[in-house]
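These notes concern the structure reproduced below.
The values are calculated or read from the model by the stated rules, or taken from the named source; none is laboratory data. Computed from a predicted structure; not experimentally measured. So basically every Cβ, Gly included, is an ideal-geometry build from the backbone, and we count neighbours across all protein chains shown.
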Amino acid sequence: MTTTLSSCTLNDGKPLPGYSVVDLTANQKPVVLTTSAQKLSFPLTPEDINDIRILEAKFDQEKNCAGLAAPQIGIAKQIIVFAAPENEDMKKWRPDFTQFMDKTIWINPSYEGIGEEKREDYEACFSVLEMAGTVKRYNKVRYTAYTMTGDLVEGMAEGFLARIIQHEVDHVNGKLFIDYVPGDQLMKIDDFWKKRAEALKAEQETK
């Protein structure tokens, strides 16, 4: 279990926090990743707003990041940031990527599954270093959250967008994707990308 400081900084010169990560070899998980985070009340405090600023900056620095939750950087609050912009390259890897959303910050988010249909697909996480695994998620969810100004947000998501929401909301409830995956089914992230590339190549050859 390690947490390191990022080399990136905020505009005020302070370094961004590193990720809280699990140590699978020692079966150790930081408490901030395994317990429900604090719900926020409105109006937000200056500290809450600063924490959101830090989380968003951390998200923005990553080149390949669909979502991030505050507990992942040691902030035990129910805040998530995510984005699902339309991306043709991503659709090659995620055939259910049919619903899109620009970068969004949610406070006190929650979801519930719609129907019984679930889809199994690969997931990885900055809090689980270099590992990936297949996770069954609801194909459709109904979500509820609040904006930074306290406005209620409600709606329905499906496919890959629904997966992102489920993954990030799970974080603020103390749950990780590896909690859904038997240990012997986890794989190295490099092996995952190789497997996906081979599958994509085979699919293209059959067309």
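List the pairs whose first member sits in the stretch 170-183 and is modelled with pLDDT under 95, whose second member is part of a helix (DSSP H, G or I) and of a type outside the set (F, W, Y), and whose Cβ atoms are under 7 Å apart, counting only residues at least 6 apart or on separate chains?
Listed by first residue and then by second, the contacts come to nothing, as the list is empty.
State the number of residues belonging to the stretch 86-129 that are closer than 20 Å to L176 by Cβ, among the hydroxyl-bearing types (S, T, Y), in a strand (DSSP E or B) and at pLDDT 95 or above.
Qualifying residue count for the region: 2.
Testing A132 on (1) of a type in the set (G, A, S); (2) at pLDDT 95 or above; (3) buried (at least 20 other Cβ atoms within 10 Å of the Cβ); (4) farther than 21 Å from P17 by Cβ, one condition comes back false. Which one is that?
For A132, the exception is condition (2).
Name the one entry in D170, D179, D184, D151 that is over 22 Å from Q78 (Cβ atoms) and either loosely packed, with under 15 Cβ neighbours inside 10 Å or not small (G, A, S) (or both).
D184
Can you pull out the residues in the stretch 27-65 that are free of Cβ contacts under 8 Å to residues at least 12 places away in the same chain, not in a helix (DSSP H, G or I) and not hydroxyl-bearing (S, T, Y)?
N27, K63, N64
Criterion first (among the aliphatic types (A, V, I, L, M), buried (at least 18 other Cβ atoms within 10 Å of the Cβ) and either over 29 Å from P30 (Cα atoms) or at pLDDT 95 or above (or both)) does I165 satisfy it?
Yes.
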